[in-house]
Amino acid sequence: MSARRPLPRWADVALLPLLNLGLAMIVSGFVVAAIGQSPLQAIQVMIKGAFGDGVGIGFTLYYATDFIFTGLAVAVAAHAGLFNIGGDGQAYVAGIGALAAGMLLGNTHWLLVLPVATLFAAAVGAAWVFIPAYLQAKRGSHVVITTIMFNFIGSALMIYLLNGPLKGKGTQGAESAAVTGAGLMPHLQAFVPAFGYAPVNVSLFVALLALVACYVLVWHTRFGYAMRAMGHNAAATRYAGISNSKMIITILLISGGFAGITAVNEVLGSQTRLVTDITGQAGFIGIAVALMGRNHPVGILLAAVLFGALTQGGTELQFDMPAVSVQMILVIQALVIMFTGAMEGLLRPGLENVFMIFGPRQRETAVSRETATTES
Amino acid sequence: MSYDIVISMLAATLRLTTPLLLGCLAGLYSERSGIFDIGLEGKMLVGAFAAAAVSYLTANMWLGLLAAMAASVLMAMIHGLASIAFRGNQIISGVAINFLADGLTVVVAIAFFSLGGDTPPMPPGGRFPPIIWPYADQIRAVPIVGPIYGDLLSGQNILVYIAFLAVPITWWVLYRTRFGLRLRAVGENPKAVDTAGISVPRLRYQALLITGILCGIAGAYFSTAQGSGFHKEMTAGAGYIALAALIFAKWRPVPAMFATLLFGFLDALQIRLQGVPLPIINWAIPVQFIQALPYILTCVLLAGFIGKAIGPKAGGVPYTKER
């Protein structure tokens, strides 16, 4: 058999992820059926929960905001051939930056707090990836391992801070004092009443801006070109006179910065204070979002909304179907990550064959090849 | 510190080291064969749940252990399928395994036991009892050596002994058997192994099988030996510490034991120091610092300041036969 032709672009970008998503949903359905519940009812509850009313949509968008940032963090690094698996830790520690901005500027206006908090959180997030970035660039330590380690170091650091120096006066658990007044991000409910009590807030706009910024950075700047070149062939960029180690550090700092902004949505947008585990594993969901979105801003936006819907719909499950626990979300997310991320090889060869047989251009070439052999 | 405290600290170290050591050796087989495995945590968690569930239902710890191994091997094979057959990204597969274990154990636990994600405590016979060595009570009275025999070596459960026995066995398998030679080779240069007519996928599946079995034992240790019953997220990062220890040990079995003993000791120390100010400087070391120390030490090692940790060359790269 001749070598397989790659898939047409639309199939690679849209069809394959959707098929994998379907596969993940089917397997999730089996899990639901295995614990004696109706998968069809579950999917109905999930769709209704995520998109059925304003509040549901609001929550979906609120989760999506997180996932856009963490997805961008993974995607930016991925373009340069780097894997930042530490988005979770970077977003968590960046909570300090968001909190600081909310506290310091609590008496001003949110229009001032938003950019400052974004900058602070991004700076702290970037700082948290600096050591892994430096070690990857200068000492060749694998950034995947070091960022995993830094997730745990960050978690320990935050628990220490929230039980000690950052603990708010009179608070019960490990949490900071509450941010009040202008330090909080206005919820979109103020503009669209239908969102109700959903915590979707103005940091959604920062997320959309970040998507645009990422697009411009990656495809329309000299730096973006260099970083994509490095992702394809690091030796080539080195011979072209680009300092790869400088590139690695800069790209990972940008990546950590994107991850850090997640904290603005959480600390100032939803929790109104810094608590433990603000990210709710959003950093890991970001990996799936970037994968499904093919590291492209438009894809990331769609994938983030999808994962937001999965999270929100899954949360609704426990109310309408008490036998299905909230951890079902984790199972669904895990399966989506597994099928879209690690098991693409399951469907791709089959799909390629299908396109070889039925694709118009493929058939054309096949026909011409056959006629060529018969005529000669 | 009195001698009694030292002994009890060391005994606690042994108990806390056991799951780390089993996980670390599990990771060693996988990574030596060229498959990154950050899913150790998930496999342990699934093992812990399976052990507790089956042990509870059958009141037989051995059946629980078998179930733990089976469940963990199943996860290892999913990882194998993704990273060997489908040539997927091994890191992402590992992340997915951990998520899946996190969710699935609780979903199934609630469906079966309705205890908010836990299993009931183990019935008699469902839990690995401490094994008292012969004459432990009499020998304990002997000064210095007595407590070492009576309270440290004796009185652990069988899984502790299995874990430490697994170290020389792993060493022997890795460095003295044909399988071990091939395993090390396939992690460094799969092409060469393939050229010699040995199946790369087969070797890697075999390695993952051992990984699964060892993670299963580690899981069973959590729920049916150290504790009694499964609790939500009960492995609490042990899989990642084991991973850190594996790097710290530079992917070698005997150093793996020392690395996990060090991390186990830090854990024991952290439990003992909880809020106790140090006598001399009168300042309580934050327990979180000690908790983070294994990760910090591993990063320092990775930075190359105390020797260089270089993993198996073919690690993380799916093997493609043709071309």
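Here is how the numbers come out for the structure above:
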quantity	calculated
Answer residue from region B:108-156, given it is at negative phi and among the hydroxyl-bearing types (Ser, Thr, Tyr) and is modelled with the highest pLDDT among those	B:Thr119
Some residue of region B:108-122 being within 7 Å of chain A (Cβ to nearest Cβ) and free of Cβ contacts under 8 Å to residues at least 24 places away in the same chain	yes
Candidate set: region B:286-316, residues that are part of a loop (DSSP other than H, G, I, E, B) and buried (at least 16 other Cβ atoms within 10 Å of the Cβ); chosen: the one modelled with the lowest pLDDT	B:Ala309
Criterion (assigned to a helix (DSSP H, G or I) and touching a His at 6+ places or on another chain (Cβ under 7 Å)) met by exactly one of B:Leu266, B:Leu214, B:Leu208, B:Leu246	B:Leu208
Filter result (within 15 Å of A:Leu211 (Cβ to Cβ) and among the β-branched types (Val, Ile, Thr)) within region A:257-273	A:Ile261, A:Thr262
Any hit, region B:239-253, residues being farther than 21 Å from A:Met149 by Cβ and more than 14 Å from every other protein chain (Cβ to nearest Cβ)	yes
Output for region A:153-208, where each listed residue is without any contact (Cβ under 8 Å) to a residue 40 or more places away in the chain, under 21 Å from A:Gly89 (Cα atoms) and charged (D, E, K, R)	A:Lys167
Test result for A:Val55, assigned to a helix (DSSP H, G or I) and closer than 16 Å to A:Leu330 by Cα	no
Condition met for B:Phe99 (crowded, with 24+ Cβ neighbours inside 10 Å, in a loop (DSSP other than H, G, I, E, B), within 12 Å of another protein chain (Cβ to nearest Cβ) and modelled with pLDDT of 90 or more)	no
Matching residues in region A:218-234 - criterion: being under 22 Å from the mean Cα position of the chain (by Cα) and either among the charged types (D, E, K, R) or under 14 Å from A:Ile248 (Cα atoms) (or both)	A:Gly224, A:Met227, A:Arg228, A:Gly231
Any hit, region A:333-353, residues being closer than 23 Å to A:Val45 by Cα and either surrounded by fewer than 21 Cβ atoms within 10 Å (Cβ to Cβ) or free of Cβ contacts under 8 Å to residues at least 24 places away in the same chain (or both)	yes
Lone unmet requirement of (1) crowded, with 24+ Cβ neighbours inside 10 Å; (2) away from every other protein chain (no Cβ under 14 Å); (3) at pLDDT 95 or above for B:Val73	(1)
Selected residue (criterion: nearest to the other protein chains (Cβ to nearest Cβ)) from residues of region A:297-323 that are touching a Gly at 6+ places or on another chain (Cβ under 9 Å), over 30 Å from A:Tyr215 (Cα atoms) and not aromatic (Phe, Trp, Tyr)	A:Ala323
Matching residues in region A:324-341 - criterion: being over 14 Å from A:Ile35 (Cα atoms), out of contact with any Ser or Thr (no Cβ under 7 Å at 6 or more places or on another chain) and more than 7 Å from chain B (Cβ to nearest Cβ)	A:Val336, A:Phe339, A:Thr340
B:Val200 being free of Cβ contacts under 8 Å to residues at least 12 places away in the same chain, among the hydrophobic types (A, V, I, L, M, F, W, C) and crowded, with 19+ Cβ neighbours inside 10 Å	no
Qualifying positions in region A:129-160 - modelled with pLDDT of 90 or more and touching a Gly at 6+ places or on another chain (Cβ under 6 Å)	A:Val129, A:Thr147, A:Phe150, A:Asn151, A:Gly154
Subset tally (residues that are of a type in the set (A, V, I, L, M, F, W, C) and over 28 Å from A:Leu317 (Cα atoms)) for region B:83-123	5
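The values are calculated or read from the model by the stated rules, or taken from the named source; none is laboratory data. Just so it is clear, the structure is predicted and the values come from calculations on it, not from any experiment. As a convention, Cβ positions derive from the backbone with ideal geometry for all residues, glycine included, and neighbour counts pool all protein chains shown.
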